[in-house]
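The values are calculated or read from the model by the stated rules, or taken from the named source; none is laboratory data. Everything quoted here is computed from the prediction, not taken from an experiment. Methodologically, a virtual Cβ is constructed for each residue, glycine included, from the backbone with ideal geometry; neighbour enumeration extends over all protein chains shown. The protein model used for the area step is the full one, side chains on, heavy atoms only, and it has no ligands, DNA or RNA in it. Shrake-Rupley method; radii C 1.70, N 1.55, O 1.52, S 1.80 Å.
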Amino acid sequence: MRIAFWLLQDSIRQWAGWVAGLHYVRNCLEGLASLPDDEAPEVVAFVPSSLHEKLVDDAGFDDRPWFRVHLIEDDLLQDLDRRNELMSRVANEHCDVLFPAITPPVVPFKGKCVGWITDLQHKHYPEFFSDAELRHRDELFSFLSASCNRIVCSSASVQADMQQFFPEAEDRTYVLRFRTLPPASATDADPTDVMRQLQIDEPYVYLPYQFWQHKNHRVVFEAWHLINQQMTEQQGRTPLLVCSGATIDGRNPDHFPGLERFIREHQLDDRIRILGMVPREQQWQLYRNANLIVQPSLFEGWSTSVEEARTLGKQVLLSDIPVHREQADSPEQLFPPHDPELLAKMVRQAMKASKPGIDIERECDAKAESIERMKRFGRDLVQLFQETHDEPRRPVTNGVLPLLLSAQHEASKRLEVIEHLQRKLAAVEQGADHRPRRRWFRRDKRAART
């Protein structure tokens, strides 16, 4: 059984901009690497050249005998006129199962296809999406549900949503709760240098999330305002809140500036530190050195940050949403996602009971438990591949993708003509020589009609 690990989605930007997606693929490969080599299937990772280093850097699977990378040049992936060349290279690897498909594969694939639908947030919070995004997600998930042999759901919560909103996939969903392990370089390192670089010299709470609206930073900032008021009255010091993650929300560009205004208006500039995107090696040390991790999200498919904090033995407070109830170790970790007062109380209690810096004994215990969880995750992944490979249902994507890709190619060519015409018209409007431009324009219109 040969598995195609698929990073050739519809756009390289899909993976470059969505960090959690790339981490997910790495986690799956680390899960397989936790097993004896003879238990893992053969894996060919189809990877754009620009993502190769991010995928294999400091990875535990890169030197395994069952793993191989097939690099695809970025320009080949983006050039629709060379699609046959790409199709031939993929076909020559003779893979049996493709995983994970988060969009329709960019070339027809003769084997079975395993889709991954992260969550159905748009069904619960449609206000966070434009009408175009809502349509796109519905159409994409409907296509994956109808065409993939299996649909991976990262939690039972996602599976329940799939069964409600996309019942055509009901008999093909598969719950695969991903796990993670820190690289050896992370736990071998001393966080002191990173703390010095980031100018953090006091106990802190860590909030490691992109500044997207559904991540719900606002409830934490409101809790910090309440804590600051209480500590000022008691002549104490408010704990430091350290935040990392991209500060741009493409769906709501005003979201992050609004959070910045809240910080300024409530004089929290020296108590809330926003680092933006940080290198992965720094992020691991921020986890390790924190007193507490807070996960306030309004919606998740399965929280990567909770898994990462768990592997290091860190205490986590989570918003009380269905997937966090599934993921939490104890109900006492949960707080209502719109209740800053209770969160402020829980943070103060947790900070009083915690010790600053790394608890080596607790971290070692957590790592041992995480290794066992990772092995179970690896075996679940192998079972998914085996069941998909063995089922009698024939691949559907191979039958529908050629038409889809042909339409995509035709649309791209028409867009090129339209853009060409727009450039010519813009030159005319700017006062260029009109007569030859008009002749070109007539010729271009004939080409466009053709």
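Annotation: amide H of Glu42 within the under-5 Å range of Ile3, sequence separation 5 or more or interchain, hydrogens built in the peptide plane.
The dipole here belongs to the chain: it is taken about the Cα centre, uses +1 on the Cβ of Lys and Arg and -1 on the Cβ of Asp and Glu, and is about 1920 debye.
In plain terms, the chain from Ala132 to Glu391 could stretch by 89.7 nm, reckoned as 0.36 nm per residue minus the Cα-Cα distance.
Counting Cα-Cα pairs of the chain in 20 Å increments starting at 0 gives whole-percent bin shares of 22, 50, 24, 4, 0. When you count the other C-beta atoms within 10 angstrom of each residue and take the mean per peptide, 81-88, 203-210 line up highest first as 203-210, 81-88. Annotation for Arg64 and Ala426: the two label points, set 7 Å from Cα along the Cα-Cβ direction, are 4.8 nm apart.
If you stretched the chain out fully between Glu85 and Val417, how much longer would it get, using 0.36 nm times the residue separation minus the C-alpha to C-alpha distance? Display every interim value, and only then the final one.
Details: separation 332, 0.36 × 332 = 119.52 nm, distance 2.41 nm.
In short, 117.1 nm is gained.
A P(r) calculated from all alpha carbon pairs of the stretch 114-228, with 5 Å bins opening at zero, reads 2, 9, 13, 14, 14, 12, 11, 10, 9, 5, 1 percent. Here the stretch 180-336 was treated as a single set of alpha-carbon atoms; its pair distances binned every 5 Å from 0 give 2, 8, 18, 21, 21, 17, 10, 3, 0 percent. Placing a pseudo-label 7 Å from each Cα along the Cα-to-Cβ vector at Phe165 and Asp254 gives an inter-label distance of 2.5 nm.
The label point for Arg196 and the one for His124, both projected 7 Å from the Cα toward the Cβ, are 4.4 nm apart.
Tell me, how many Å apart are the Cα centres for the stretch 194-249 and for the stretch 355-374? Cα centres, the stretch 194-249 to the stretch 355-374: 24 Å. Extension gain for Met231-Glu326 works out to 30.8 nm (0.36 nm per residue, less the C-alpha to C-alpha distance).
Taking N as the number of residues in the stretch 89-162, what is its alpha-carbon radius of gyration divided by 2.2 N^0.38 Å?
Relative to the 2.2 N^0.38 Å estimate, the stretch 89-162 comes out at 1.23.
In the stretch 206-279, Cα pairs under 8 Å separated by at least six residues give a relative contact order of 41 percent. The spacing between the stretch 52-74 and the stretch 273-323, judged by their C-alpha centroids, is 26 Å.
Shown for the stretch 248-319: the carbon plus sulfur share of the solvent-accessible area, taken with all protein chains present and a 1.4 angstrom probe, equals 46%.
Per-residue packing, averaged as other Cβ atoms within 10 Å, sorts the ranges 282-293, 182-193 into the order 282-293, 182-193, beginning with the highest. Calculated accessible area for the stretch 288-344 comes out at 30 Å² per residue, all protein chains present (probe 1.4 Å; ligands, DNA, RNA ignored). Averaged per residue, the stretch 25-115 has 40 square angstrom of accessible surface, using a 1.4 angstrom probe with ligands and nucleic acids left out. In the stretch 135-176, carbon and sulfur make up what percent of the accessible area (probe 1.4 Å)? Ligands and nucleic acids excluded, carbon and sulfur reach 47 percent.
Can you pull the percent of the stretch 28-99's accessible area that's carbon plus sulfur, 1.4 Å probe, other chains left in place?
It is 43 percent, rounded to a whole number.
Pick out, from Asn228, Ser157, Phe5, the residue whose Cα sits farthest towards the positive end of the charge dipole of the chain, with +1 on the Cβ of Lys and Arg and -1 on the Cβ of Asp and Glu. Projecting each Cα onto the dipole axis, the largest value belongs to Phe5. Measure nothing but the geometry: give the 0 to 90° angle between the long axis through the Cα atoms of 255-265 and the longest principal axis through the Cα atoms of the chain, rounded to 10°. On a 0 to 90 degree scale, this one is about 30. Taking K and R as +1 and D and E as -1, what net charge do the other residues with C-beta under 11 Å from the C-beta of Arg2 add up to? That works out to -2. Please state the relative contact order of the chain as a whole percent: Cα pairs under 8 Å, 6+ residues apart? That works out to 18 percent. Here is the list for the stretch 311-401: trypsin sites (Lys or Arg not before Pro) lying in DSSP coil, each with at most 14 other C-beta atoms within 10 angstrom of its C-beta, are Arg393.
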